[in-house]
Amino acid sequence: MTRGLHKGLTSYGDKDFSLFLRKVFIKAMGYSDDALERPIVGITNTHSDYNPCHGNVPDLIESVKRGVMLAGALPMVFPTISMHESFAYPTSMFLRNLMAMDTEEMIRAQPMDSVVLIGGCDKTLPAQVMAAASVDLPAIVVPVGPMVVGHHKGEVLGACTDCRRLWGQHRAGTIDEAEIEQISGRLAPSVGTCMVMGTASTMACIVEALGLALPMSAASPATHADRRRVAEASGKRAAEMAVSGAPKPSALITPASVRNALIVLQAIGGSTNGIIHLTAMARRAGVAIDLDEFDRLGREIPVLLNLKPSGAHYMEHFHHAGGLPRLMRELAPFLDLDTPNVSGGTLGESIAAAEEVPGQDVIRSFAAPLKKQGAMAMLHGNLAPRGAVIKQSAASPALMRHTGRAVVFESVADMAARIDSDELDVTPDDVLVLRNTGPKGAPGMPEAGYLPIPLKLARQGVKDMVRISDARMSGTAFGTIVLHITPEAAVGGPLAIVRNGDRIALDVEARRIDVLIDEAEIADRLAAWKRLPPRALASRGYARMFEASVLQADQGCDFDFLLPADDKPEKE
Ligand code: FES
């Protein structure tokens with residue numbers, strides 16, 4: 001079998017010359033023949049000055065390299081795209097598939113026998129796993145790890161559940177300019193990913209649950225020695241995989257491991273983004289996700305993890321309470337314990353080794369769950385023929401069954417222009433509707449689904465309202481918020497025809513989201529609906545490719561041409 005430097009030779013029409021030339025150039029870096037004959041472990045470098053969440057990547061690379069070399073292989077670090085939530089215009093979701101393509105092609109193009117994927121900020125782990133699943137080269141994931149918590153006036157807080165809560169107080173006038181400025185320096189006190197159960201933490205847990213990362217990889221803080229030790233161990237394991245050629249992602253991402261991950265997603269109070277990313281990652285490996293099954297699991301599996309925004313604690317507390325293996329021990333009766341882990345063991349073995357921490361309140365038992373049902377419920381109805389999602393664990397119980405008058409915003413810009421106006425005709429019982437914010441509509445399905453409470457209501461002390469949209473929401477947010485309405489308005493989904501004053505009914509127990517007008521009226525309005533004119537943004541380049549190829553939320557927002565060849569997606 002072709003290995004190491006001999007793999008994937010550049011085409012010059014003479015194999016031996018291609019290898020000779022490759023050695024000529026790589027020897028410029030001072031490598032010996034001994035080093036160049038070793039199996040090669042590729043290591044992704046997603047460090048960027050624009051990505052503080054990945055600020056510890058250089059340290060982790062050093063640790064991974066140490067592990068690789070201790071096991072006798074050659075580590076080769078290569079750069080890929082990096083992206084941070086707050087430094088990605090128009091939204092990081094717009095770029096996820098670009099990162100997946102970049103990572104996939106760099107793994108294919110360069111000689112390596114296994115690859116270590118170091119990532120963490122929301123879209124990076126999904127992009128890297130999508131890439132690895134498509135290449136199907138032995139791969140191991142090292143999440144960068146969560147930030148440590150911050151402190152302000154004696155309160156423990158962190159990014160970004162508390163960012164939203166405290167900004168809400170600032171908007172309502174209870175926190176002044178000087179204090180909010182001071183708070184801005186305390187919410188993200190270290191490098192690493194957001195330390196609540198936002199999308200980054202959710203994806204780290206999902207990746208570990210799938211068996212793609214070593215046990216205890218998800219929760220150890222970015223700045224702790226444990227994080228670097230797991231990186232070293234991952235490097236060592238990657239070197240073994242470079243020699244054995246196993247396990248490949250296709251052996252790890254299976255219907256059984258994906259079902260385990262869906263159970264974990266419900267039990268951790270995971271981010272709604274998690275279901276989109278898991279759909280995309282699994283589908284690259286040829287595994288389809290059944291969203292109805294995910295909903296059924298949500299009725300059976302309670303939220304057991306007491307972390308913000310559903311609960312009280314932060315990721316470092318989860319780590320100290322035993323991490324994901326300990327949580328999965330609680331879920332063991334529902335899980336397939338024979339699923340393999342990239343470590344070479346099984347999920348059952350990881351769970352058996354989990355630490356028991358006396359007196360901890362972070363990982364709850366089935367007898368005393370944080371929430372009786374799982375994190376998310378999948379909704380259907382005349383507004384969402386192909387589904388929508390609500391994070392019920394972070395919603396207001398009093399609003400889970402609610403009917404109200406629609407207050408419609410045509411776009412993010414329209415919402416931004418009018419939501420704080422004193423002229424806005426809105427009451428606390430109304431339903432805020434935001435549309436044209438889906439995968440094609442915005443484009444990139446921004447995290448705009450967390451519509452702010454209109455200022456005049458916020459000043460009255462209103463904290464939550466029913467809000468619905470075809471957008472996404474940060475996993476760190478709290479509220480009674482229906483997201484991912486599919487099909488989206490921009491492709492003619494029924495959300496496009498809702499008018500101000502229509503009555504909208506949400507019933508989470510019945511899993512329904514409906515506009516209360518009759519079918520004939522809906523059909524008439526849809527017949528009269530006109531697609532918005534194409535935006536200038538989509539006239540060329542990646543944006544044009546995105547708009548032509550992106551799939552809807554229920555299909556993971558992947559590009560149609562990136563799916564396995566035998567997978568025929570539903571097109572709009
Ligand atoms: Fe990077 Fe939250 S902004 S994980």
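Among residues belonging to the stretch 473-497 that are at pLDDT 95 or above and assigned to a loop (DSSP other than H, G, I, E, B), point out the one that is nearest to the ligand (Cβ to nearest atom).
Once the filter is applied, the top-ranked residue is His484.
For Ile118, which of the numbered conditions (1) surrounded by 21 or more Cβ atoms within 10 Å (Cβ to Cβ); (2) within 20 Å of Ala238 (Cα to Cα); (3) more than 16 Å from the ligand (Cβ to nearest atom) fails to hold?
Every condition holds for Ile118 apart from (3).
If Thr403 satisfies every condition in (1) more than 24 Å from Pro309 (Cβ to Cβ); (2) hydroxyl-bearing (Ser, Thr, Tyr); (3) assigned to a loop (DSSP other than H, G, I, E, B) but one, which is the exception?
Evaluating Thr403 over (1) more than 24 Å from Pro309 (Cβ to Cβ); (2) hydroxyl-bearing (Ser, Thr, Tyr); (3) assigned to a loop (DSSP other than H, G, I, E, B) leaves (3) as the failure.
Kindly indicate whether Leu214 is within 13 Å of the ligand (Cβ to nearest atom), in contact (Cβ under 8 Å) with a residue 12 or more places away in the chain and open to solvent by 10 Å² or more (accessible area, probe 1.4 Å). Break it down into steps so the answer makes sense when it comes.
Details: within 13 Å of the ligand (Cβ to nearest atom): no; in contact (Cβ under 8 Å) with a residue 12 or more places away in the chain: yes; open to solvent by 10 Å² or more (accessible area, probe 1.4 Å): yes.
When the stated conditions are applied, Leu214 does not pass them.
Could you please tell me which pairs satisfy a Cβ distance under 8 Å, a separation of 6+ or placement on different chains, a first residue in the stretch 173-194 that is at positive phi, and a second residue that is away from the ligand (no atom under 12 Å from the Cβ) and not in a helix (DSSP H, G or I)?
As it stands, the answer is Gly173/Arg459; Gly192/Asn56; Gly192/Val148; Gly192/Pro221; Gly192/Thr223, since those pairs meet every condition given.
So, Ala417, is that one among the aliphatic types (A, V, I, L, M), farther than 24 Å from Met545 by Cα, open to solvent by less than 10 Å² (accessible area, probe 1.4 Å) and not in a loop (DSSP other than H, G, I, E, B) or not? Before you say what the answer is, go through the steps one by one.
Working: among the aliphatic types (A, V, I, L, M): yes; farther than 24 Å from Met545 by Cα: yes; open to solvent by less than 10 Å² (accessible area, probe 1.4 Å): no; not in a loop (DSSP other than H, G, I, E, B): yes.
So Ala417 does not fit the description; no.
I'd like to know if the stretch 423-436 contains one or more residues that are closer than 25 Å to Ser271 by Cα and either part of a helix (DSSP H, G or I) or open to solvent by 10 Å² or more (accessible area, probe 1.4 Å) (or both).
Scanning the stretch 423-436, I find at least one residue that is closer than 25 Å to Ser271 by Cα and either part of a helix (DSSP H, G or I) or open to solvent by 10 Å² or more (accessible area, probe 1.4 Å) (or both), so the answer is yes.
If a residue has to be within 17 Å of Cys53 (Cβ to Cβ) and either of a type outside the set (S, T, N, Q) or exposed (fewer than 11 other Cβ atoms within 10 Å of the Cβ) (or both) to count, how many in the stretch 148-177 make the cut?
Filtering the stretch 148-177 for residues within 17 Å of Cys53 (Cβ to Cβ) gives 148-150, 158-163.
Right, trim to either of a type outside the set (S, T, N, Q) or exposed (fewer than 11 other Cβ atoms within 10 Å of the Cβ) (or both) and you get 148-150, 158-160, 162-163.
Here the count works out to 8.
Tally up the residues in the stretch 122-162 that are touching a residue at least 40 places away in the same chain (Cβ under 8 Å), within 16 Å of the ligand (Cβ to nearest atom) and not hydrophobic (A, V, I, L, M, F, W, C), please.
Counting residues in the stretch 122-162 that are touching a residue at least 40 places away in the same chain (Cβ under 8 Å), within 16 Å of the ligand (Cβ to nearest atom) and not hydrophobic (A, V, I, L, M, F, W, C) gives 11.
For Asp34, state whether it is without any contact (Cβ under 8 Å) to a residue 12 or more places away in the chain, more than 30 Å from Ala88 (Cβ to Cβ), among the charged types (D, E, K, R) and surrounded by fewer than 16 Cβ atoms within 10 Å (Cβ to Cβ). Lay out the reasoning, then the answer.
On the way: without any contact (Cβ under 8 Å) to a residue 12 or more places away in the chain: yes; more than 30 Å from Ala88 (Cβ to Cβ): yes; among the charged types (D, E, K, R): yes; surrounded by fewer than 16 Cβ atoms within 10 Å (Cβ to Cβ): yes.
When the stated conditions are applied, Asp34 passes them.
Looking at (1) surrounded by fewer than 24 Cβ atoms within 10 Å (Cβ to Cβ); (2) part of a helix (DSSP H, G or I); (3) under 19 Å from the mean Cα position of the chain (by Cα), which is the only condition Ile276 fails?
Of everything listed in (1) surrounded by fewer than 24 Cβ atoms within 10 Å (Cβ to Cβ); (2) part of a helix (DSSP H, G or I); (3) under 19 Å from the mean Cα position of the chain (by Cα), Ile276 misses just condition (1).
Residues that are at pLDDT below 95, among the aromatic types (Phe, Trp, Tyr) and either open to solvent by 10 Å² or more (accessible area, probe 1.4 Å) or in a loop (DSSP other than H, G, I, E, B) (or both): does the stretch 525-540 have at least one?
yes
Give me the pairs: first residue in the stretch 47-60 and closer than 14 Å to Thr124 by Cα, second residue within 10 Å of the ligand (Cβ to nearest atom) and open to solvent by 60 Å² or more (accessible area, probe 1.4 Å), beta-carbon distance under 6 Å, and six or more apart or on different chains, which are they?
Tyr50/Phe87
Mind telling me which of the residues Ala251, Ala246, Ala321, Ala267 ends up being in contact (Cβ under 8 Å) with a residue 40 or more places away in the chain, under 20 Å from the mean Cα position of the chain (by Cα) and either surrounded by fewer than 20 Cβ atoms within 10 Å (Cβ to Cβ) or under 26 Å from Thr161 (Cβ atoms) (or both)?
Numbers: Ala251 fails: under 20 Å from the mean Cα position of the chain (by Cα); Ala246 fails: under 20 Å from the mean Cα position of the chain (by Cα); Ala321 fails: under 20 Å from the mean Cα position of the chain (by Cα).
Checking each option against the conditions leaves just Ala267.
Can you pull out every residue in the stretch 459-480 that is within 15 Å of Val431 (Cα to Cα) and either open to solvent by 20 Å² or more (accessible area, probe 1.4 Å) or not acidic (Asp, Glu) (or both)?
Residues of the stretch 459-480 that are within 15 Å of Val431 (Cα to Cα), as a first pass: 462-470, 479-480.
Answer for the stretch 459-480, where residues must be within 15 Å of Val431 (Cα to Cα) and either open to solvent by 20 Å² or more (accessible area, probe 1.4 Å) or not acidic (Asp, Glu) (or both): Val462, Lys463, Asp464, Met465, Val466, Arg467, Ile468, Ser469, Gly479, Thr480.
Residues in the stretch 53-80 that are within 16 Å of the ligand (Cβ to nearest atom) and surrounded by fewer than 19 Cβ atoms within 10 Å (Cβ to Cβ): how many?
Adding up the residues that qualify gives 1.
Looking at Leu379 and the list (1) open to solvent by 40 Å² or more (accessible area, probe 1.4 Å); (2) part of a strand (DSSP E or B), which single condition is not satisfied?
That leaves (1) as the condition not met.
Hey, does the stretch 221-231 have a residue that's open to solvent by 40 Å² or more (accessible area, probe 1.4 Å), within 16 Å of the ligand (Cβ to nearest atom) and out of contact with any Phe, Trp or Tyr (no Cβ under 6 Å at 6 or more places or on another chain)? Break it down into steps so the answer makes sense when it comes.
Kept after step one, since they are open to solvent by 40 Å² or more (accessible area, probe 1.4 Å), are these residues of the stretch 221-231: 223-226, 228-229.
Now narrow it down to the ones that are within 16 Å of the ligand (Cβ to nearest atom): 223.
This time we only want the ones that are out of contact with any Phe, Trp or Tyr (no Cβ under 6 Å at 6 or more places or on another chain), so: 223.
Yes, the stretch 221-231 has at least one match.
Looking for something surrounded by 19 or more Cβ atoms within 10 Å (Cβ to Cβ), within 16 Å of the ligand (Cβ to nearest atom) and within 13 Å of Ala131 (Cα to Cα) - is there at least one such residue anywhere in the stretch 91-102?
Checked against the condition, which is being surrounded by 19 or more Cβ atoms within 10 Å (Cβ to Cβ), within 16 Å of the ligand (Cβ to nearest atom) and within 13 Å of Ala131 (Cα to Cα), the stretch 91-102 yields at least one hit.
Just give me the residues in the stretch 163-205 being hydrophobic (A, V, I, L, M, F, W, C), touching a Lys or Arg at 6+ places or on another chain (Cβ under 8 Å) and more than 12 Å from the ligand (Cβ to nearest atom), in sequence order. Even if it seems obvious, please write down each step before you answer.
Looking only at the stretch 163-205, we keep the residues that are hydrophobic (A, V, I, L, M, F, W, C), and these are 163, 166-167, 172, 175, 178, 180, 183, 187-188, 191, 194-197, 200, 203-205.
Filter once more, so that each one left must be touching a Lys or Arg at 6+ places or on another chain (Cβ under 8 Å): 172, 196-197.
Ala172 - this is the single residue of the stretch 163-205 that is hydrophobic (A, V, I, L, M, F, W, C), touching a Lys or Arg at 6+ places or on another chain (Cβ under 8 Å) and more than 12 Å from the ligand (Cβ to nearest atom).
For the stretch 232-243, what are the residues that are over 30 Å from Gly150 (Cα atoms) and either surrounded by 21 or more Cβ atoms within 10 Å (Cβ to Cβ) or not hydrophobic (A, V, I, L, M, F, W, C) (or both)?
Taking the stretch 232-243 first, the residues over 30 Å from Gly150 (Cα atoms) are 235-243.
Within the stretch 232-243, Gly235, Lys236, Arg237, Ala238, Ala239, Glu240, Met241, Ala242 meet the criteria.
The values are calculated or read from the model by the stated rules, or taken from the named source; none is laboratory data. Note that the structure is a prediction, hence the values are computed from the model and not measured. FYI the Cβ positions are ideal-geometry reconstructions off the backbone, even for glycines, and counts take in every protein chain you see. Note: accessible area is taken over every heavy atom of the protein model, side chains too, but ligands, DNA and RNA are not part of it. Shrake-Rupley method; radii C 1.70, N 1.55, O 1.52, S 1.80 Å.
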